[in-house]
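Take a look at the structure set out below.
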Amino acid sequence: MFDGRQMDQLTVGERKLMVLLIWAYIGFYACCAADTWASELGALSSDWPVLITTLKPVPPGTNGGISKLGLLASFAGGAAIGLAADICLWIQYFSAYRSGVLPKIPYNMLGSLLGVLGSLIDSLLGATMQASYLVNKRVVWDVDAQELKKADDAKLVCGNDILSNNMVNFVASALTVTLAVSFFGIIF
């Protein structure tokens, strides 16, 4: 710990708090990585994504669109964060894990679960709270009303103009951290 004490000198409450913060950390970064990987790698899918709320095909790049490749990528993104946590924590706290002072948790699996959940939350928020428009045969979002008025062929694909992309990412991350902390409370 930071105050010079060894792991076995910490109270059970202090160790629980430490593990809780690790779960929150993994939840946040798993959500962020999963959403990024799903967006970037899911766009490479040969199939059109489907809107998470209706399961009808939508143009690639539409907020709330999900694909099999995107879901697989979100699982891998969350797993990468969990695996990094596994490696770092085993290096730093190997003796505490070996002696049973800290619980042996497969953080790569936790990261995968939280990553997929976070990515799906982001997609749900994007499909409902963030407007996606089709302008000149391209999907656009985070555009202001003045720009849309200039475009003759602007068509709303899905969503409402309530949250920006950054706000959707923030809310999805916060909800994923809340889920991680809630799961921890249920399990421990």
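The values are calculated or read from the model by the stated rules, or taken from the named source; none is laboratory data. Fair warning: this is a prediction, and the values are worked out from it, not measured in the lab. Counting neighbours? That spans all protein chains shown, and the Cβs are built from the backbone with ideal geometry, glycine included. All accessible areas refer to the heavy atoms of the entire protein, side chains included, with ligands and DNA or RNA removed. Shrake-Rupley method; radii C 1.70, N 1.55, O 1.52, S 1.80 Å.
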The stretch 106-126 to the stretch 1-71: how many Å between their Cα centroids?
4
Between LYS68 and TRP90, what is the label-point separation in nm under the 7 Å Cα-to-beta-carbon projection?
3.2
Let me test this: with uniform point scatterers at the alpha carbons of the stretch 1-77, what is the Debye-based log₁₀ I(q)/I(0) at q = 0.25, 0.27 1/Å?
-1.05, -1.13
Separation between the ASP153 and SER99 pseudo-spin-labels, each 7 Å from Cα along Cα→Cβ, expressed in nm?
6.9
Straight distance only, please: which lysines reach the Cα of LYS16 with their own Cα at less than 27 Å, same-chain residues fewer than 8 apart left out?
LYS104
Under 17 Å from LYS56, Cα to Cα: lysines that are on another chain or at least 8 residues apart
LYS68, LYS155
Just to be sure I follow the definition: excluding the sites themselves, where is the longest run in the chain that has none of the trypsin sites (Lys or Arg not before Pro) in a DSSP loop with at most 16 other Cβ atoms within 10 Å?
6-103
Hits among lysines - C-alpha to C-alpha of LYS150 under 20 Å, sequence gap 8 or more where chains match:
LYS137
Roughly what would the spin-label model give for SER164 and TRP48, points 7 Å off Cα along C-beta, in nm?
3.0
Out of ALA96, ALA174, ALA127, any idea which swings most in a Gaussian network model of the chain, alpha carbons joined below 10 Å?
ALA96
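Ignoring ligands, DNA and RNA, what accessible area per residue does the chain give at 1.4 Å, in Å²? Walk me through the intermediate numbers first.
On the way: 10830 Å² over 188 residues.
Counting only protein heavy atoms, the per-residue value for the chain is 58 Å².
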Calculated from backbone phi, Karplus (6.51, -1.76, 1.60) coupling profile of the stretch 47-62 in Hz, x at Gly/Pro
8, 6, x, 10, 6, 4, 8, 10, 6, 9, x, 9, x, x, x, 6
Net charge contributed by nearby residues that have their C-beta within less than 9 Å of ALA96 (K/R +1, D/E -1)
+1
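Among 80-86, 118-124, how do they line up from the highest to the lowest mean number of other beta-carbon atoms within 10 Å?
Details: 80-86: 20.4, 118-124: 25.3.
Ranked by mean Cβ neighbours within 10 Å, highest first: 118-124, 80-86.
Just want to confirm a number: the relative contact order over the stretch 1-78, from Cα pairs under 8 angstrom separated by 6+ residues, in percent. Intermediate values should be presented prior to the final figure.
On the way: 79 pairs, mean separation 25.4, N = 78.
It rounds to 33 percent for the stretch 1-78.
For the chain, which whole-number percentage of the solvent-accessible area (1.4 Å probe, protein heavy atoms only) is attributable to carbon and sulfur atoms? Walk me through the intermediate numbers first.
On the way: 6940 of 10830 Å².
Carbon-and-sulfur percentage of accessible area, whole number: 64.
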For Rg/Rh (Cα atoms, Kirkwood Rh), calculated from these coordinates, the label among [x] 1.11; [y] 0.98; [z] 1.04
[x]
